[in-house]
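Report on the following structure.
The values are calculated or read from the model by the stated rules, or taken from the named source; none is laboratory data. Everything quoted here is computed from the prediction, not taken from an experiment. Reconstructed Cβ throughout: ideal geometry from the backbone, glycine too, with neighbour counts over all protein chains shown. For accessibility, only protein heavy atoms count, side chains too; no ligands or nucleic acids. Shrake-Rupley method; radii C 1.70, N 1.55, O 1.52, S 1.80 Å.
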2 protein chains.
Amino acid sequence: MGTTQLEAAPEPKYWHLKTTLTEALDNEFEVGQILPNERDLAARYGVARATLRQALEQLELEGRLQRRRGIGTTVAPPRVGVDVSPAHDRWPGAPGDDWQIDGSERVEVPAAVARLLGRAVGCPAHLIRRTRRAHGQPVATEELYLPAAPTGAETARAALGALHRRELQGQERTVELGSARAEDARRLDRLPGSPVLLVTTRYLADDGPAAASVATYRADTCRLTFGDTGAMELLAS
Amino acid sequence: MGTTQLEAAPEPKYWHLKTTLTEALDNEFEVGQILPNERDLAARYGVARATLRQALEQLELEGRLQRRRGIGTTVAPPRVGVDVSPAHDRWPGAPGDDWQIDGSERVEVPAAVARLLGRAVGCPAHLIRRTRRAHGQPVATEELYLPAAPTGAETARAALGALHRRELQGQERTVELGSARAEDARRLDRLPGSPVLLVTTRYLADDGPAAASVATYRADTCRLTFGDTGAMELLAS
DNA sequence: GAGTGGTCTAGACCACTAT
DNA sequence: TAGTGGTCTAGACCACTCT
């Protein structure tokens, strides 16, 4: 019958519903608790399932809910703080970081990475794929590009080792919103298209860019932290 | 008639559609160009309007499209890089920054801010509302909290001036995904609930937290940049 | 008033997880 | 096999902007 839309609502239903649910989450639910299923919830609030889902989607975006197909909708724990400051992460693969190498291959760098590295498109490089975990859950995947030596004989691990022996000049990072590619989604245990935070890093040595990476962080579960007190303390000493 | 879902598609229609549209945007459209309206596009690709919209929503999330009610859907320019590194933004309101003060009021700090400032909930503070612009467009709104002097007589502007005369110890920043509150959405010329990047900053003086702010950046148009070469260069000198 | 994107409905089937 | 969230449809009305 279409909708009736009486009540002269300047405020959309899903928006009001989201507010209602937020309050319910704050007051009546515990972290990890399973909510009623979508059909029941929609009936309870007198809206169509699609409208309810619009509210749930926003709450998931805000990190309040976690939805899993075949399981149900649960109340999400607070987001995990993930340190992405240069102090924590001086060179990629430095001992003690919480990244785990999944594999590597030799590639020709794509255009976007070539720009970051200040090299020609298609120049040879090692591509190292890594996963970052926090509290046992995967929170990020990364593609790390290391320009290959002219001989082309070294392994990815050797290239990483060589990197650690160099002088660090700085890092440049950008953060933007994206949606998970199919493969990243699989590694992060999410659906393709889920919102993610794209962290692009350019590692600088004294003679220019020495490495570049694109990391994909789960936006629903992560809060990126940039603590700059470390650098400031170095300045003061 | 419901859907028919033949073709045994492991890949959702909206996902495939998004890929198709991405290629079209790369090859056949110019920045600023207006796309056909949603009903026509849906018909052209043989899908329901809701399915088309699911694809458009993702493209908007990725910053490829801009949709405006009553106008149409246009091809978005590349995201603007917005510097949020400490080097750029040493103290809030430092001369030369691109923030503009919209107003201020005296408030009692809410719980989340009290935690950041290391003070009691409800302690008095100046709340300064600011807007940041890039290329003429608003890209962020901010609520900046400055603890009030014990006497309580100073103005917000005086409190800001006092801040600038203090020694900077460091900053702590976090970035996470959120959705725009009604008022922020209005200031940013977006709809309520639009995806935004929430940047929380704690400004540290030698005797502890001296200010705290929560900034709301448009996620569709902004790429946050953290260039750390500045601090590194200082270290070297 | 015409045209656009935004909201909403009622109902269907699909993919996945558990039992 | 039953139950969940994910996808999809066809159609309606609303809020907004432009002419």
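A few remarks follow.
- Residue list for the stretch A:22-32, filter: within 15 Å of DNA strand D (Cβ to nearest atom) and either closer than 14 Å to A:Arg68 by Cβ or in contact with a helix residue (DSSP H, G or I) (Cβ under 8 Å, 6 or more places away or on another chain) (or both): A:Leu25, A:Gly32
Rundown of residues vs (1) among the hydrophobic types (A, V, I, L, M, F, W, C); (2) crowded, with 19+ Cβ neighbours inside 10 Å; (3) touching an Asp or Glu at 6+ places or on another chain (Cβ under 9 Å), yes/no style:
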residue: B:Ala125; (1), (2), (3): yes, yes, yes
residue: B:Arg130; (1), (2), (3): no, yes, yes
residue: B:Ala148; (1), (2), (3): yes, yes, yes
residue: B:Arg157; (1), (2), (3): no, no, no
residue: B:Glu167; (1), (2), (3): no, no, yes
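- Residue ID - farthest from the other protein chains (Cβ to nearest Cβ), chosen from residues in the stretch B:133-143 that are at pLDDT 85 or above and out of contact with any strand residue (DSSP E or B) (no Cβ under 6 Å at 6 or more places or on another chain): B:Arg133
- A residue that is open to solvent by less than 40 Å² (accessible area, probe 1.4 Å) and under 16 Å from B:Ala212 (Cβ atoms) cannot be found anywhere in the stretch B:186-197.
- Considering the stretch B:200-220, and only residues there that are facing chain A (nearest Cβ under 10 Å) and modelled with pLDDT of 90 or more, the residue that is most open to solvent (accessible area, probe 1.4 Å) turns out to be B:Arg202.
- Single condition B:Leu61 does not satisfy, out of (1) open to solvent by less than 50 Å² (accessible area, probe 1.4 Å); (2) near DNA strand D (Cβ under 9 Å from one of its atoms): (2)
- Candidate set from the stretch A:68-93 (those that are open to solvent by 40 Å² or more (accessible area, probe 1.4 Å) and within 16 Å of DNA strand D (Cβ to nearest atom)); member that is nearest to the chain's Cα centre (by Cα): A:Arg68
- If you check A:Ala114, A:Ala55 for being open to solvent by less than 10 Å² (accessible area, probe 1.4 Å) and within 16 Å of DNA strand D (Cβ to nearest atom), only one passes: A:Ala55.
- The residues listed here are A:Leu146, A:Leu168, A:Leu116, A:Leu177; of these, the one that is touching a Pro at 6+ places or on another chain (Cβ under 9 Å) and either at pLDDT 95 or above or of a type in the set (Phe, Trp, Tyr) (or both) is A:Leu177.
- Check on A:Glu30, within 26 Å of A:Gly193 (Cβ to Cβ) and not assigned by TED's automatic domain parsing to the domain that holds A:Ala219: no
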